[in-house]
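Presented below is the structure to which this report refers.
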Amino acid sequence: MIYLVRHGESVFNKENRAQGHSMNPLSEEGVMQVQNISEDILKLPITKIYCSDLKRAVQTAEILNKELNLPIVLDSRLREFDCGESIRGLLKQDRPVDLYDNPKKYGAETAPDVYIRMSDFLDELKANKVDNVLIVGHGGSLGMMMYILENPALTKEDIIKTMSNFTRASVPFRYNLRNAEIVELDIYR
C-alpha cells in the first residue's frame with residue numbers, strides 16, 4: 001500500500017494564487033488541517049515518508065512525522081505541475097486566458113511532463129518493492145499518480161494525444177485531492 005496526502009492549505013491556496021513550484025508555506029488553517037489527520041496517519045503501517053521538496057509539502061510531512069519519527073525522503077519528482085515563473089503568484093483572474101491551451105508559452109509543464117515524473121517515481125517504488133509508505137505532495141501531481149495507477153495500460157503516447165496542451169486542469173476531476181486528504185492505494189494490483 002501507499003498512502004497519499006496532499007499538503008494542507010497553503011497561503012497561496014487561501015489567496016487563490018497560482019502555486020506551481022513556489023515555496024509558499026502552509027496557512028494557519030493548513031497547519032490545523034494537517035494536525036487533524038495526524039491521528040489517522042498514526043494508525044497506518046507507514047515505514048517511510050516520501051515528500052515533494054516544496055515548502056508546503058515539507059511542512060505537512062514534518063507535522064505528520066512528529067510522532068512517527070521516520071525518514072523523510074525529499075523528491076523533486078513529487079512537485080506540483082509547474083505553472084511557469086511568470087504565472088506563479090498570480091491571482092486566478094490575472095492568469096492568461098490561453099494558459100491551458102499553450103502552457104509552454106508561459107514555461108509551464110504539460111500533463112505529459114508530469115506523467116513522466118510520476119511514472120518514473122512509481123516505477124522506482126515498484127522496482128524496489130516499496131510498501132507502506134506515505135507520499136506527501138500536491139493535488140495535481142498526486143492526481144496524476146492516481147490516474148496512472150487506475151489506468152495501467154496508459155502510455156506516454158496516450159497522454160500526449162489526449163492531454164498534450166493541458167496542465168493540472170487536464171487531470172480528471174475525480175483525481176483531485178482536498179487539502180490534507182489521505183488516499184490509500186495498492187500499487188501492486
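Odds and ends about this structure:
- Yes/no for S141 being in contact with an Asp or Glu (Cβ under 7 Å, 6 or more places away or on another chain) and closer than 25 Å to R189 by Cα: yes
- Scan of the stretch 9-30 for residues that are over 22 Å from G107 (Cβ atoms), among the acidic types (D, E) and in contact (Cβ under 8 Å) with a residue 12 or more places away in the chain, ordered by number: E9, E29
- Residue ID - farthest from D94 (Cα to Cα), chosen from residues in the stretch 3-17 that are more than 14 Å from the chain's Cα centre (by Cα) and hydrophobic (A, V, I, L, M, F, W, C): V11
- When residues of the stretch 55-71 are limited to those that are buried (at least 24 other Cβ atoms within 10 Å of the Cβ) and of a type outside the set (V, I, T), the one farthest from N132 (Cα to Cα): R56
- Matching option when the condition is more than 25 Å from D186 (Cβ to Cβ), out of contact with any His (no Cβ under 6 Å at 6 or more places or on another chain) and touching a residue at least 12 places away in the same chain (Cβ under 8 Å), among R77, R117, R95: R95
- Qualifying positions in the stretch 4-19 - part of a loop (DSSP other than H, G, I, E, B) and farther than 19 Å from V114 by Cβ: G8, E9, N16
- Any hit, the stretch 37-50, residues being free of Cβ contacts under 8 Å to residues at least 24 places away in the same chain and surrounded by 19 or more Cβ atoms within 10 Å (Cβ to Cβ): no
- Residue within the stretch 132-148 that is loosely packed, with under 15 Cβ neighbours inside 10 Å and either touching a residue at least 40 places away in the same chain (Cβ under 8 Å) or farther than 30 Å from P45 by Cα (or both) present: yes
- In the stretch 20-46, of all residues being in a helix (DSSP H, G or I) and polar (S, T, N, Q), the one that is farthest from L91 (Cα to Cα) corresponds to S38.
- Entirely in the stretch 102-172, the helices (runs of 4 or more DSSP H) that have 1 or more residues that are among the hydrophobic types (A, V, I, L, M, F, W, C), over 23 Å from L54 (Cα atoms) and at pLDDT below 90: 156-163
- Residue within the stretch 56-69 that is on the phi > 0 side of the Ramachandran plot and of a type outside the set (G, A, S) present: yes
- The stretch 72-89, subset within 30 Å of L42 (Cα to Cα) and not hydrophobic (A, V, I, L, M, F, W, C), residue surrounded by the fewest Cβ atoms within 10 Å (Cβ to Cβ): S76
The values are calculated or read from the model by the stated rules, or taken from the named source; none is laboratory data. What you see is a predicted model; the values in this text were computed from it and never measured. With ideal geometry, Cβ positions are generated from the backbone for all residues, glycine too; neighbour counts draw on all protein chains shown.
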